[in-house]
Amino acid sequence: MIKKKYKYLLVLILIGYVAQSISQEPLKVAFLYQHPVNAGGWSLSHEQGRLDAENEFGDKIITIALEGIQPGPDTRRTLINLARENYELIFATSFGHMNSVMKVARSFPQISFQHASGYKTANNVGTYQIRAMQGRYLAGKIAGHMSTSKKIGYVASFPIPEVIRGINAFTLGAQAANPDVTIQAIWINSWMNAAKEREATELLINLGADVITHHTETPALMVAAEEAGVWAVGYQYDRSQFAPNSHLVTIEHNWGPIYNSIIRDKLEGNWKSESLWFGVDLDATRLVSISPKVPSSILSDIEEIRTQMANKTFNIFKGPIIDIEGKTRLGRDQTLKDEDLIGMEWFVKGVINAD
Amino acid sequence: MDIYLIEAMITAVIRSATPLLLLGLGIIISERAGILNLGQEGMLTCGAVASFLTMLATGSFPISILAAVAAGMILSSVFITPVLILHTNQVATGLALTILGLGIAALAGNPYAGETITAYQVISLPEFMSSPILRAILEHDPIVYLSWIIAIGVTFFLRSSSSSILIACGHAPRVATILGHNVIKIQALATLFGGAMAGLAGAYLALSFTPIWSESIGAGRGWIALALVVFASRQVGRLLLGAIIFGSTDILQLLLQAIGLSMSSHILAASPYLVTIAALVLLSRQNNLNPKLREPRSLGQPNI
């Protein structure tokens, strides 16, 4: 009697399962973040992109966000679990996830992996990145215009190409507004260290910087700039709440359009491994909360360059460009290719303390 | 270098030395009593989150400081209960406390990561003492003054006769028991004091240093303080020296970068640790000869 009951139950489950798989099953998409979303910064900007994608596709996709996934064994274990739970598209958003993604991807060839900001690819591993340097250049132009001391402070994390590109683009932008501007960089050798960020900021202000920007995670810099009454240029997500009076502009990451385009490809069966690098053309990097004190002539200037960047008639790294050692890196009208940008390890003239 | 830069540097050094000093004072007292509590980082972070959340809720600095001290003491009682009653391994229990504290702090602080509070304002000196250097040394917020008062208090306590009971607990707890002292009570009180100091250091970080909440707020200071205390052979004066050397090398390396010294930032970033260790190792050469500077013999040992 009991056995019969179980049989019915089993059949019922089987029918339910078959019915579910015949009906259009939603695409399961997973997102891995290294830091908690609420800590702000990089992971938060990805989370906003995930929410954008959910709005865009509705019940065609199911998404899951996993926070605090540290590089190493944690990442590997998480990726394997996701693959076993039939997640078909997995976004690993931290640079540190790279090697785990490459290892796990080999065992699950049917699953598409996307790794943000990395440089390794495979048949089922693509990379995606934001051309944040475009936003950096535009913000640099505003900063160069607003600086009266002609000194801009830059609190930087690690001297890796991504950060170096940002510093160079920002410097070129600032010099486009005012050729005499110098950028003073301080490396704190950490992505997230509120106290160091604050000390470095105060030091830069004391050395005469009147605009401060950063490539770090916490809002400590914005708070310190607000206290000292100098301009602050935010990065990653709108940071105006931390410096109501001193916030000049934020260079925001907007992952939504990128996620939408990758997920659409996957849904339509067109996904393939690529190295995607989107900029202002997809609105992936954009300036938000620009201070009302910025003159409108600058704003229209910025908008014009932005349009030119979007239709690829404007190149940030266009010669003549001299590096800090005085060497000519780019001759007249020469430009840098993407491969050179990805491995960039030199600084343009005007940067002080370039490692 | 102009005078305002020097002023800013001195202020910055004192600011980064204060949490180390507070943590170190607590560690000195508990280690003198023979208790090795490696949970400093956890207590520090919990103190920081407790004071930050209390500040958001009440807007009162004294209440926030008390909340941080209470948080540190509660966590240290979580440590001391198994250690003194069940005689668990102090190293393992301390490490567990660090993990627990960091976890609690992350959980409690998570929803408030975007909030800001107004920082503790410095107390201005009277007009006639307005020389920049003097101002940099003397003009701070109340927690810094509190740390100085506690440092003086601990120094005098360690010189007083009553401290010999504490030190006896650290060197020979059985002898202290035979002499009629309640070793468990003394060790518990010493550890609670350590917890209170770690909480206070956390309050300083969250209320004065960086008035935001970030999980990285401790940034390894608990571990640095533990190392400083060892190298300072549990002496307040040497601890202060170590904290100042560490703080100033830390600030100096940022300054050297900013003025454009062409040196690898990685070497500069390591310099505070190298310089501090070198200085304190030189100081502690004589340790084994001087009985006053010797490590408490029962440090970290269960008292059975």
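The values are calculated or read from the model by the stated rules, or taken from the named source; none is laboratory data. Everything quoted here is computed from the prediction, not taken from an experiment. All Cβ positions, even for glycine, are placed from backbone atoms using ideal geometry, and neighbour counts span all protein chains on display.
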Notebook entry, point to check: How about the stretch B:271-289: which of its residues are at pLDDT below 80 and loosely packed, with under 14 Cβ neighbours inside 10 Å?
Noted result: B:VAL281, B:LEU282, B:ARG285, B:GLN286, B:ASN288, B:LEU289
Note to self: One residue is enough: does the stretch A:198-207 have a residue meeting the conditions under 21 Å from A:VAL351 (Cβ atoms), at pLDDT below 90 and among the basic types (Lys, Arg)?
What the structure shows: no
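Conditions tested, residue by residue: (1) out of contact with any Leu (no Cβ under 8 Å at 6 or more places or on another chain); (2) in a helix (DSSP H, G or I); (3) over 25 Å from A:ASN254 (Cβ atoms).
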position	(1), (2), (3)
A:ASN38	no, yes, no
A:LEU44	yes, yes, no
A:GLN70	yes, no, yes
A:ARG76	yes, yes, yes
A:ILE80	yes, yes, yes
A:ASN86	yes, no, yes
A:PHE91	no, no, no
A:TYR119	yes, no, no
A:THR127	no, no, no
Item checked: Test for B:ALA243: is it closer than 17 Å to B:SER147 by Cα and either within 10 Å of another protein chain (Cβ to nearest Cβ) or crowded, with 21+ Cβ neighbours inside 10 Å (or both) -> yes
Next item on the list: For the stretch A:328-355, name all the residues that are part of a loop (DSSP other than H, G, I, E, B) and without any contact (Cβ under 8 Å) to a residue 12 or more places away in the chain.
Entry: A:LYS337
Check: Of all residues in the stretch A:180-215, how many are facing chain B (nearest Cβ under 10 Å), over 26 Å from B:ILE3 (Cα atoms) and touching a helix residue (DSSP H, G or I) at 6+ places or on another chain (Cβ under 7 Å)?
Finding: 5
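Quick grid of which residues meet (1) touching a Pro at 6+ places or on another chain (Cβ under 6 Å); (2) farther than 30 Å from A:GLU345 by Cα; (3) of a type in the set (A, V, I, L, M):
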residue	(1), (2), (3)
B:ILE217	no, yes, yes
B:ILE224	no, yes, yes
B:LEU228	no, yes, yes
B:GLN235	no, yes, no
B:LEU239	no, yes, yes
B:GLY242	no, yes, no
B:GLY247	no, yes, no
B:GLN253	no, no, no
Checklist line | Search result, residues across the stretch B:171-227 that are within 14 Å of another protein chain (Cβ to nearest Cβ) and at positive phi | finding: B:ALA219, B:GLY220
Note to self: Here's a check for you: in the stretch A:304-355, which residue that is of a type in the set (Gly, Ala, Ser) and more than 15 Å from A:PRO161 (Cβ to Cβ) is surrounded by the most Cβ atoms within 10 Å (Cβ to Cβ)?
What the structure shows: A:GLY350
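Just to verify a result, which residue in the stretch A:272-291, among those that are within 17 Å of the chain's Cα centre (by Cα) and not hydrophobic (A, V, I, L, M, F, W, C), is surrounded by the fewest Cβ atoms within 10 Å (Cβ to Cβ)?
A:SER275
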Next item on the list: Provide a single number: the residues in the stretch A:129-156 that are crowded, with 22+ Cβ neighbours inside 10 Å and part of a strand (DSSP E or B).
Entry: 6
Next item on the list: Residue by residue through the stretch A:46-68, note down the ones that are over 20 Å from the mean Cα position of the chain (by Cα) and part of a helix (DSSP H, G or I).
Entry: A:ASN55, A:GLU56, A:PHE57, A:GLY58, A:ASP59, A:LYS60
Notebook entry, point to check: If a residue has to be more than 12 Å from A:LYS272 (Cα to Cα) and in contact (Cβ under 8 Å) with a residue 40 or more places away in the chain to count, how many in the stretch A:103-127 make the cut?
Noted result: 3
Checklist line | Pair list, Cβ under 7 Å, 6 or more apart: the stretch A:76-90 residue basic (Lys, Arg), other residue surrounded by 17 or more Cβ atoms within 10 Å (Cβ to Cβ) and modelled with pLDDT of 90 or more | finding: A:ARG76/A:SER100; A:ARG76/A:VAL104
Note to self: Residue under question is A:THR201, and the condition is that it be β-branched (Val, Ile, Thr) and assigned to a loop (DSSP other than H, G, I, E, B); does it hold?
What the structure shows: no
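For the stretch A:230-279, which positions are of a type in the set (A, V, I, L, M) and more than 29 Å from B:ALA113 (Cβ to Cβ)? It would help to see each step written out before you state the result.
Residues of the stretch A:230-279 of a type in the set (A, V, I, L, M): A:230, A:232-233, A:243, A:248-249, A:251, A:258, A:262-263, A:267, A:276.
The answer is A:LEU267, A:LEU276.
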Notebook entry, point to check: Just checking, which of A:ASP323, A:ASP281 is charged (D, E, K, R) and closer than 27 Å to A:ALA200 by Cβ?
Noted result: A:ASP323
Checklist line | Residues satisfying the stated conditions in the stretch B:18-43, i.e. hydrophobic (A, V, I, L, M, F, W, C) and within 12 Å of another protein chain (Cβ to nearest Cβ) | finding: B:LEU20
Item checked: Filtered residues of the stretch B:2-17 (kept if over 17 Å from B:SER208 (Cα atoms) and more than 7 Å from chain A (Cβ to nearest Cβ)) -> B:ASP2, B:ILE3, B:ILE6, B:GLU7
Margin query: Considering only residues that are surrounded by fewer than 18 Cβ atoms within 10 Å (Cβ to Cβ) and in contact (Cβ under 8 Å) with a residue 24 or more places away in the chain, which ones fall in the stretch B:158-170?
Written below: B:SER163, B:ILE167
Notebook entry, point to check: What do you reckon, is B:ALA105 part of a helix (DSSP H, G or I), modelled with pLDDT of 75 or more, surrounded by 14 or more Cβ atoms within 10 Å (Cβ to Cβ) and in contact with a Ser or Thr (Cβ under 8 Å, 6 or more places away or on another chain)?
Noted result: yes
Notebook entry, point to check: So B:MET9 fits all but one of (1) buried (at least 24 other Cβ atoms within 10 Å of the Cβ); (2) more than 18 Å from B:LEU84 (Cβ to Cβ); (3) among the hydrophobic types (A, V, I, L, M, F, W, C); what number is the exception?
Noted result: (1)
Checklist line | Residue identified as part of a helix (DSSP H, G or I), among the aliphatic types (A, V, I, L, M), modelled with pLDDT of 90 or more and buried (at least 16 other Cβ atoms within 10 Å of the Cβ) among B:LEU100, B:LEU95, B:LEU84 | finding: B:LEU100
Note to self: It is to be established whether one or more residues within the stretch A:253-271 are outside any loop (DSSP other than H, G, I, E, B), surrounded by fewer than 18 Cβ atoms within 10 Å (Cβ to Cβ), aliphatic (A, V, I, L, M) and touching a strand residue (DSSP E or B) at 6+ places or on another chain (Cβ under 9 Å).
What the structure shows: yes
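Name the residues in the stretch B:171-182 that are among the aliphatic types (A, V, I, L, M), assigned to a helix (DSSP H, G or I) and surrounded by fewer than 24 Cβ atoms within 10 Å (Cβ to Cβ), would you?
First pass over the stretch B:171-182, keeping only residues among the aliphatic types (A, V, I, L, M): B:172, B:175-176, B:178-179.
Adding the requirement that they be assigned to a helix (DSSP H, G or I) leaves B:175-176, B:178.
The answer is B:VAL175, B:ILE178.
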Next item on the list: All but one of (1) surrounded by 23 or more Cβ atoms within 10 Å (Cβ to Cβ); (2) more than 30 Å from A:ILE61 (Cα to Cα); (3) charged (D, E, K, R) hold for A:ASP210, so report the exception by its number.
Entry: (1)
Checklist line | Any hit, the stretch A:164-183, residues being crowded, with 22+ Cβ neighbours inside 10 Å, of a type outside the set (S, T, N, Q), out of contact with any Cys (no Cβ under 9 Å at 6 or more places or on another chain) and farther than 29 Å from A:GLU303 by Cβ | finding: no
